[in-house]
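Below is one structure; the comments refer to it alone.
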Amino acid sequence: MDRPPEAQLILGNRTRMGLSIREAARRAGISEGSWRRTEGPGDKTRTADTIALMARATGVTHVQLEEAGRLDAAAKLVAIGPRAGGHRTATEKEMLAAVRRMEDEARRLRALLGDDTDDDEANGDPRQAS
């Protein structure tokens, strides 16, 4: 079985950094078993929270997660910010851009599914004045 793109990114970065699974899991604040299951091959559910923590521990960026199709994990990564001593936090502009990309992707997926409802309009969002 193949690894999902986000698992490939995390594995690649962890390997390049020379981190053991034990050390990477410690940095992420998750168990070694959870790390192994998430990084390993297979068709298992990987939560956005876990992927974001693992990405932060290995230096995978929110842009890489977006490109891998994990917009949910990318948004979580932006929200949790860098690990101590790590990279800078995202600016408000970057966070808003990530949210807009997720909204655009949600609209694209709704269109593919034949659902033309705009969540903002349905919820009466005043920012979406016609």
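Side notes on the structure shown:
- Residue list for the range 15-74, filter: more than 17 Å from ASP2 (Cα to Cα), assigned to a loop (DSSP other than H, G, I, E, B) and of a type in the set (Val, Ile, Thr): ILE30, THR47, VAL60, THR61
- Restricting THR61, THR50 to those that are at pLDDT 75 or above, under 22 Å from ASN13 (Cβ atoms) and touching a helix residue (DSSP H, G or I) at 6+ places or on another chain (Cβ under 6 Å) reduces the list to THR50.
- A residue that is among the hydroxyl-bearing types (Ser, Thr, Tyr) and surrounded by 14 or more Cβ atoms within 10 Å (Cβ to Cβ) occurs somewhere in the range 29-44.
The values are calculated or read from the model by the stated rules, or taken from the named source; none is laboratory data. Keep in mind it's a predicted model, so treat the numbers as computed, not measured. Because the Cβ atoms are built from the backbone with ideal geometry, glycine has one as well, and the counts that use them run over all protein chains shown.
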